[in-house]
């Protein structure tokens with residue numbers, strides 16, 4: 001009898017995890033959304049909703065790139081520093097160095113991609129864990145931001161540059177359009193291309209991928225380069241929105257980005273998940289942050305709540321993998 005009861009419990013849990021993978025995170029988002037609306041009516045105000053989705057787009061663009069890296073079983077802790085550094089570079093071209101709008105956009109994006117390439121190249125060729133490499137890069141480029149800016153924010157962007165972060169196309173903020181465009185493009189790449197299939201294959205079983213002839217190092221470097229590029233894009237959006245290159249820009253983004261990806265169902269073990277789940281995860285994190293702000297919850301408690309959510313999501317992923325193998 002105990003054995004039979006255990007088998008039934010296992011079957012129930014397996015069905016639950018199948019259900020959760022399909023609609024669980026979406027239902028969780030809807031419940032949290034309605035809950036905050038009930039607790040504070042201001043939450044449903046159109047201006048507040050607009051602010052939420054605009055803020056989510058800044059984190060979400062990075063989270064799209066992080067999805068690729070985590071699908072490979074990697075991690076990147078330098079994204080916040082890349083946001084700050086590329087934002088200062090963009091502001092420098094706008095205000096100090098007499099650069100055109102073109103250079104203010106293209107150079108930071110190339111620098112972001114270059115930093116991502118370094119992260120991937122050093123971790124793969126040097127046989128170092130990405131956690132260590134990107135932790136070092138986080139410190140390097142946070143310091144480089146201070147050096148370039150000489151310890152002071154750089155303010156006063158052109159109206160054309162400010163459109164990137166503050167502009168509207170009809171009723172939709174331009175950053176939201178950029179974010180959704182990244183999500184759709186990444187979804188197509190992951191599900192419809194050889195590149196995407198190889199990302200899943202490497203994350204699922206790197207040794208098997210190597211034996212089947214996949215150039216694993218090339219795909220890892222490409223994923224980190226994409227993440228760096230998108231972090232640079234986020235840096236442009238944030239700098240444009242603030243009308244200033246801030247020294248502390250991007251601080252804490254690592255937690256929000258990784259939380260968005262993991263909550264969205266992408267496994268930290270690699271090989272499982274997708275960018276559409278990341279979209280919902282980013283929205284959930286944005287709604288939680290905004291709702292807690294409206295309720296007057298101190299930022300310290302918000303960090304605790306986000307940390308708990310990440311730990312819960314990772315534990316849930318562990319349980320899913322355990323019961324799938326039983």
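The values are calculated or read from the model by the stated rules, or taken from the named source; none is laboratory data. What you see is a predicted model, and the numbers here were worked out from it, not measured in a lab. Positions of Cβ are backbone-derived with ideal geometry, glycine not excepted, and every protein chain shown enters the neighbour counts.
Summary table
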read-out	value
Among the candidates 286, 281, 273, residue that is in contact with a helix residue (DSSP H, G or I) (Cβ under 8 Å, 6 or more places away or on another chain), surrounded by 22 or more Cβ atoms within 10 Å (Cβ to Cβ) and on the phi > 0 side of the Ramachandran plot	273
Pairs with Cβ under 8 Å, 6+ apart, first in segment 87-101 and free of Cβ contacts under 8 Å to residues at least 12 places away in the same chain, second surrounded by 15 or more Cβ atoms within 10 Å (Cβ to Cβ) and in a helix (DSSP H, G or I)	99/92; 99/93; 99/107; 100/93
Helices (runs of 4 or more DSSP H) wholly inside segment 249-326 that include at least 1 residues being without any contact (Cβ under 8 Å) to a residue 40 or more places away in the chain	275-294, 299-324
Test: residue in segment 257-270 that is surrounded by fewer than 20 Cβ atoms within 10 Å (Cβ to Cβ) and more than 18 Å from residue 131 (Cβ to Cβ)	no
Members of segment 215-230 that are in a helix (DSSP H, G or I) and more than 14 Å from residue 113 (Cα to Cα)	216, 217, 218, 219
Criterion: part of a helix (DSSP H, G or I), under 26 Å from residue 106 (Cβ atoms) and touching a residue at least 60 places away in the same chain (Cβ under 8 Å) - qualifying residue of 143, 203, 181, 120	120
Set 238, 178: member being out of contact with any strand residue (DSSP E or B) (no Cβ under 8 Å at 6 or more places or on another chain) and surrounded by fewer than 24 Cβ atoms within 10 Å (Cβ to Cβ)	178
Unique residue being over 15 Å from residue 230 (Cα atoms) and within 15 Å of the chain's Cα centre (by Cα) when the list is 147, 103, 71	71
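Here's the yes/no breakdown for (1) at pLDDT 95 or above; (2) surrounded by 18 or more Cβ atoms within 10 Å (Cβ to Cβ); (3) in contact with a helix residue (DSSP H, G or I) (Cβ under 9 Å, 6 or more places away or on another chain); (4) part of a helix (DSSP H, G or I):
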| position | (1), (2), (3), (4) |
| --- | --- |
| 157 | no, yes, yes, no |
| 163 | no, no, yes, yes |
| 185 | yes, no, yes, yes |
| 189 | yes, no, yes, yes |
| 210 | no, no, yes, yes |
| 213 | no, no, no, no |
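Residue-wise test of (1) closer than 19 Å to residue 256 by Cβ; (2) surrounded by 20 or more Cβ atoms within 10 Å (Cβ to Cβ).
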site: 58; (1), (2): yes, yes
site: 66; (1), (2): yes, yes
site: 72; (1), (2): no, yes
site: 77; (1), (2): yes, yes
site: 95; (1), (2): no, no
site: 99; (1), (2): no, no
site: 107; (1), (2): no, no
